[in-house]
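Novice: Handing you a structure now.
The values are calculated or read from the model by the stated rules, or taken from the named source; none is laboratory data. Just so it is clear, the model here is predicted, and its values are computed rather than measured. Cβ: placed from backbone, ideal geometry, glycine included. Neighbour counts: every protein chain shown. Protein only, heavy atoms only, side chains kept; ligands, DNA and RNA dropped before computing areas. Shrake-Rupley method; radii C 1.70, N 1.55, O 1.52, S 1.80 Å.
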Amino acid sequence: MVLVIKEGKSKEEVSKNDSEVSKIVGDAIKDIEVRGDDAVREYSEKFDKWSPESFRLTEEQIKEIVAKVPEHTIEDIKFAQKNIKEFAEVQLSSLHDVEVENIPGVTLGHKNIPVSSVGCYIPGGRYPMVASAHMSVLTAKVAGVKRVIACTPPINGEVPNATVAAMYLAGADEIYLLGGIQAMAAMAIGTETIQPVDMIVGPGNAFVAEAKRQLFGRVGIDLFAGPTETLVVADETADAEMIATDLLGQGEHGPTSPGALISTSEKLAHETIEEIERQLKVLPTADVARVSWEDYGRIIVVDSLEEAVVEADKLAFEHVEILTENPDYFLENMTNYGCLFLGPETNVAYGDKVIGTNHTLPTKGAARYTGGLWVGKFIKTVTYQKVTPEATAHIGEYAARLCQLENFAGHAEQALLRVRRYGNK
């Protein structure tokens, strides 16, 4: 039996907010498509109070900015990038070109080819998302992408030095101080001063996520990554302090970030509610975390771990922390999640910042059909075929009959031409 102790906003309320965002983004994209740099500059002035002579940083500017970053911060960035690079390299090694002769004289294969150019968005605003530079720029470079550009917004009219340093150390070929819808549209559509890319990636707020959705098709995207989501699955061995800390720690991302608890213990569920209220009185980011919890938080009590798996898979959340006696049960049985965090020793912040897995993950139920950003997202697996004269005469007869079955006369003639030309040799 499933007992819902707390619910967040209804789907209808969320849908209304999404519709409003969609219109704003659509109008901005059309404007940038028509007016290019002039529109980009106007939106940057409007939203970020930022209108430099050039949005792109020169090599000299980048080196001056990096020099301002404390050495210990540079070392921290390098530590995180080492972990992320090494895991991406291991993932890359799992991708292999293949070739097989499935019928005598017929060779089929596939090749893994990196996307030629990628635009990476690194969020700023209240939280300069330094780690997003590692996750996108560095992973694209490991995949073999030749041109990787990166955009991040200024913060209160200032250059986010650490973020620029992370972009530079990750290997970005071009760095722009440009944020929001205008950054996504400029990278995807191109302007007089920004050459368009083939793919855009990275997390962001609701407007950035919607821009990616609307630009998809014109360019590729990594996935639809909306407001961050965190689910904790806990049994009676867990404690309320850790659950509350980990839910609020992600709720501070933004006022629309869902947090949820699925527990086999109703007692623990109520203790967690009390602990969340206690922590909100002292958490420095409580102004945001409280709104996200009150509007989007939910608590579900279930009778068994089996039922917990069913409910967790229904939610299909981005981050799923498992605080149970046997965390591996969920690794073996859950199917819908962006990333699993198994046991009390780990947490979502590790995955967000430093441990090596990627933090750009599916939200809004997308975990039902896709995983998160990884080196393979930057690679196209393309197929090819080669056929000998003898084999084409043999295959052609089958192909022609199957094409005729579907009334494709022209298709059939392609096959029959090969049968006539090579069949008597």
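Novice: Does V164 qualify as being open to solvent by less than 10 Å² (accessible area, probe 1.4 Å), modelled with pLDDT of 95 or more and either part of a helix (DSSP H, G or I) or closer than 24 Å to E53 by Cα (or both)?
Specialist: Yes, satisfied.
Novice: Given the condition in contact with a strand residue (DSSP E or B) (Cβ under 8 Å, 6 or more places away or on another chain) and not in a strand (DSSP E or B), answer yes or no: does some residue in the stretch 395-411 qualify?
Specialist: Yes.
Novice: Testing S10 on (1) open to solvent by 60 Å² or more (accessible area, probe 1.4 Å); (2) free of Cβ contacts under 8 Å to residues at least 12 places away in the same chain, one condition comes back false. Which one is that?
Specialist: (1)
Novice: Here is a follow-up. Anything in the stretch 16-35 that is free of Cβ contacts under 8 Å to residues at least 24 places away in the same chain and surrounded by fewer than 18 Cβ atoms within 10 Å (Cβ to Cβ)? List them, or say none.
Specialist: Hits for the stretch 16-35 are K16, S19, E20, K23, D27, K30, V34, R35.
Novice: I'm checking my understanding of the structure. Among residues of the stretch 77-106 that are touching a Gly at 6+ places or on another chain (Cβ under 9 Å) and either of a type in the set (G, A, S) or on the phi > 0 side of the Ramachandran plot (or both), which one is surrounded by the fewest Cβ atoms within 10 Å (Cβ to Cβ)?
Specialist: Per the criteria, the residue is S94.
Novice: Follow-up. What's the number of the condition I194 fails, among (1) assigned to a loop (DSSP other than H, G, I, E, B); (2) at pLDDT 95 or above; (3) hydrophobic (A, V, I, L, M, F, W, C); (4) open to solvent by 10 Å² or more (accessible area, probe 1.4 Å)?
Specialist: Every listed condition holds for I194 apart from (4).
Novice: Within the stretch 252-270, which residues are assigned to a helix (DSSP H, G or I) and either β-branched (V, I, T) or buried (at least 18 other Cβ atoms within 10 Å of the Cβ) (or both)? Show your work before the answer.
Specialist: In the first step, residues of the stretch 252-270 are kept if they are assigned to a helix (DSSP H, G or I); the result is 266-270.
Scanning the stretch 252-270 gives L268, A269.
Novice: Would you mind listing the strands (runs of 3 or more DSSP E) fully within the stretch 271-388 where at least 3 residues are open to solvent by less than 20 Å² (accessible area, probe 1.4 Å)?
Specialist: The qualifying strands (runs of 3 or more DSSP E) are 297-301, 319-323.
Novice: In this structure, does K63 turn out to be part of a helix (DSSP H, G or I), more than 28 Å from G157 (Cβ to Cβ) and among the charged types (D, E, K, R)? Before you say what the answer is, go through the steps one by one.
Specialist: Details: part of a helix (DSSP H, G or I): yes; more than 28 Å from G157 (Cβ to Cβ): no; among the charged types (D, E, K, R): yes.
Considered against the rule, which asks whether it is part of a helix (DSSP H, G or I), more than 28 Å from G157 (Cβ to Cβ) and among the charged types (D, E, K, R), K63 comes out as no.
Novice: Being in contact with a helix residue (DSSP H, G or I) (Cβ under 6 Å, 6 or more places away or on another chain), at negative phi and surrounded by 12 or more Cβ atoms within 10 Å (Cβ to Cβ) is the requirement here; does I74 meet it?
Specialist: Spelling it out, it is not the case that I74 is in contact with a helix residue (DSSP H, G or I) (Cβ under 6 Å, 6 or more places away or on another chain), at negative phi and surrounded by 12 or more Cβ atoms within 10 Å (Cβ to Cβ).
Novice: Within the stretch 242-251, count every residue that is crowded, with 20+ Cβ neighbours inside 10 Å and more than 17 Å from the chain's Cα centre (by Cα).
Specialist: 6
Novice: Give me the residue from the stretch 415-425 that is part of a helix (DSSP H, G or I) and either within 18 Å of I103 (Cβ to Cβ) or among the aliphatic types (A, V, I, L, M) (or both) and, out of that set, most open to solvent (accessible area, probe 1.4 Å). Walk me through it before giving the result.
Specialist: Taking the stretch 415-425 as the starting set, the residues that turn out to be part of a helix (DSSP H, G or I) are 415-422.
Checking the rest, the ones that are also either within 18 Å of I103 (Cβ to Cβ) or among the aliphatic types (A, V, I, L, M) (or both) come to 415-419, 422.
Numbers: A415: 13, L416: 54, L417: 61, R418: 104, V419: 30, Y422: 75 Å².
By that ranking, first place goes to R418.
Novice: Kindly provide the set of residues from the stretch 214-234 that are assigned to a strand (DSSP E or B), among the small types (G, A, S) and closer than 28 Å to A28 by Cα, ordered by number.
Specialist: Start the filter on the stretch 214-234 by keeping residues that are assigned to a strand (DSSP E or B), which leaves 216, 219-221, 230-234.
Still in the running and among the small types (G, A, S): 220, 234.
G220 - this is the single residue of the stretch 214-234 that is assigned to a strand (DSSP E or B), among the small types (G, A, S) and closer than 28 Å to A28 by Cα.
Novice: For the stretch 47-62, how many residues are within 27 Å of the chain's Cα centre (by Cα) and open to solvent by 60 Å² or more (accessible area, probe 1.4 Å)?
Specialist: Residues that pass the stated criteria total 2.
Novice: Checking T237 against (1) open to solvent by less than 30 Å² (accessible area, probe 1.4 Å); (2) of a type in the set (V, I, T); (3) over 30 Å from G26 (Cβ atoms); (4) assigned to a loop (DSSP other than H, G, I, E, B), only one condition comes out false. Which one?
Specialist: (1)
Novice: Oh, and also: Across the stretch 201-234, what is the total count of residues that are open to solvent by less than 10 Å² (accessible area, probe 1.4 Å) and free of Cβ contacts under 8 Å to residues at least 12 places away in the same chain?
Specialist: 0
Novice: Please verify whether I65 is open to solvent by less than 30 Å² (accessible area, probe 1.4 Å), over 25 Å from the mean Cα position of the chain (by Cα) and more than 16 Å from T193 (Cα to Cα), treating the condition exactly as stated.
Specialist: Numbers: open to solvent by less than 30 Å² (accessible area, probe 1.4 Å): yes; over 25 Å from the mean Cα position of the chain (by Cα): yes; more than 16 Å from T193 (Cα to Cα): yes.
So I65 fits the description; yes.
Novice: Taking the conditions exactly as written (in contact with an Asp or Glu (Cβ under 6 Å, 6 or more places away or on another chain) and either at pLDDT below 95 or in a strand (DSSP E or B) (or both)), does V208 satisfy them or not?
Specialist: no
Novice: Which of the residues belonging to the stretch 212-241 are more than 17 Å from the chain's Cα centre (by Cα) and either of a type in the set (S, T, N, Q) or over 18 Å from D313 (Cα atoms) (or both)?
Specialist: R218, E236, T237, A238, D239, A240, E241
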